[in-house]
1. Note down the nm distance, to one decimal, between modelled labels 7 Å out along Cα→Cβ at CYS353 and at ALA221.
2. How many nm separate the modelled label positions at GLU252 and LEU183, each set 7 Å beyond the Cα in the direction of the Cβ?
3. Give me the percent of DSSP beta bridges within region 105-285 that run antiparallel, rounded to the nearest 5.
4. Using just the helices of the chain, give the 222 nm mean residue ellipticity in deg cm²/dmol: DSSP H runs with n ≥ 4 each add -39,500 (n - 2.57), and the total is spread over all residues, rounded to 500.
5. Among 224-230, 75-81, 371-377, how do they line up by average Cβ neighbours within 10 Å per residue, starting with the highest?
6. What size of dipole, in debye to the nearest 20, comes out for the chain about its Cα centre when the only charges are +1 on Lys and Arg C-beta atoms and -1 on Asp and Glu C-beta atoms?
7. If you count the DSSP beta bridges with both ends in the chain, what percent of them are antiparallel, to the nearest 5?
8. Using the beta-carbon distance between GLU116 and ARG77 and R0 = 22 Å, what value does 1/(1 + (r/R0)^6) give for FRET efficiency, to the nearest 0.05?
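The values are calculated or read from the model by the stated rules, or taken from the named source; none is laboratory data. Since we're looking at a predicted model, the values are computed, not measured. Cβ coordinates were reconstructed from backbone atoms using ideal geometry, including for glycine residues, and neighbour counts include every protein chain displayed. With ligands, DNA and RNA removed, areas are computed over all heavy atoms of the protein, side chains included. Shrake-Rupley method; radii C 1.70, N 1.55, O 1.52, S 1.80 Å.
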Amino acid sequence: MTLQQPEPTQARRTTRDRNADLAERFGTPLYVYDLDRVAAARRALFDALPEEFDLFYALKANPHPDVARALREGPGRACRAEISSTGELRAALTAGYRADECLYTGPGKTAAELHEAIGLGVRMFSVESAGDLRHIGAAATAHDTVARCLLRVNSPSASATTGARMTGTPSQFGIDAETLPELMPELSSVPGTRLVGAHFFPLSNASDEAALTAEFEHTLALAAELRDTVGLPLEFLDIGGGFSVPYGVPGERAVYDKLRTSLEAALDLHLPEWRAGSPRLACESGRYLVGDSGQLLCGVVNTKVSRGRTFVILDGGINVFGGMSGLGRLLPVSVELDGGTADERGSLVGPLCTPGDLLGREIPLPSLAEGDLVTVPNAGAYGPSASLLSFLGRPSPREVALRDDEVVSVSRLEHGRVMESDTE
Ligand SMILES: *Cc1c(COP(=O)(O)O)cnc(C)c1O
């Protein structure tokens, strides 16, 4: 028997046919997640890191239960969950994560959230301020337990030049490194807490491997220095992430060929006991693990020309894919267009009554007509849950998860008004 490899063009046509079929069955706008690609991204990222590393999946990127589950179950090493709300905690538990595998982060953890999280078994927290630590300690004490805490550190300087900078400047995230000498006695004696390590998250979406590596090296050096100078505990060290994948534009996940070797060298230099598990090490990622697993399919509802400019009006805009693009924090997406060559220009807009509902302004487009299908590639991260789902009251998009090209689930995030009576 011979196995025939499909020609690339044939493979593309197959994906297009599959998408057309899914759009017909489930309607548009429609998110399609390929769980085999989630598994591949998980393998790739674990392979890019030394074996000793844990990997936290930041559910913020996509809390879909099948997507999150695909990062924990199945062959290979399992991700742990990084969560930042009780909603994300419930999503993680639904996806099969144990509460004691979760790292709870965020600058504004409320007393009610902390009680719920600790009650459900979360024991590891990233601490963003002295007040945050006291809140964690109070909740843990009320549950007769002790929370294991990582101090999130806002580095005094930054070495990398790409990605979204999260530290080195005034920030609601982390504790300024230069204040640690003064704060350590106070931080070390909060009832209900035990400081076990540190958490750094200096940047996001760094496609340049050299910049990412330099940032990690900087972090490792600083962690070792803070341990030696101010007694920062280092049983556990989460050095952050920044792993990159395109967002809503064509392209591939970044490849980090040299990272593992560079990290091993930096660890040997700064934390020579690391191979013996001191400290235990971790990285974290959201987008890299899920970004390329998703596609957003939108239908063309109308086309029109206004003063010489073409507008292609889709049935989904920033209400389904707007986490960042619609808010102007990202350049408009460019889309992969099913069928035809892009020899025209136009704006791709959504159906909302706001000029901000723009997915692409004056971008190359093929000739599109009512009923055509448009595919936004690399839409697996920061999709529905990062969008303006309630704005203008449209239904939230369906999300289908596929394994081996077979549909394993169809779901929709629910939203809407819940009436509450106030009888006082
Ligand atoms: C958002 C966030 C992540 C995930 O970021 P990506 O760029 O999606 O990998 C990881 N860690 C922390 C602390 C975050 O706030």
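1. 5.7
2. Taking the simple label geometry, GLU252 and LEU183 are separated by 4.2 nm.
3. Values: 2 of 20 bridges.
That works out to approximately 10 percent antiparallel.
4. Values: 10 runs with 115 residues, N = 424.
Helix-only estimate at 222 nm: -8500 deg cm²/dmol.
5. Numbers: 224-230: 15.6, 75-81: 17.6, 371-377: 20.3.
Peptide ranking by packing, descending: 371-377, 75-81, 224-230.
6. Working: 40 positive and 57 negative charges, 130 e Å.
Dipole about the Cα centre, nearest 20: 620 debye.
7. Numbers: 29 of 68 bridges.
In the chain, DSSP labels about 45 percent of beta bridges as antiparallel.
8. Details: r = 29 Å, r/R0 = 1.32.
Step by step, r from the Cβ atoms, then E = 0.15.
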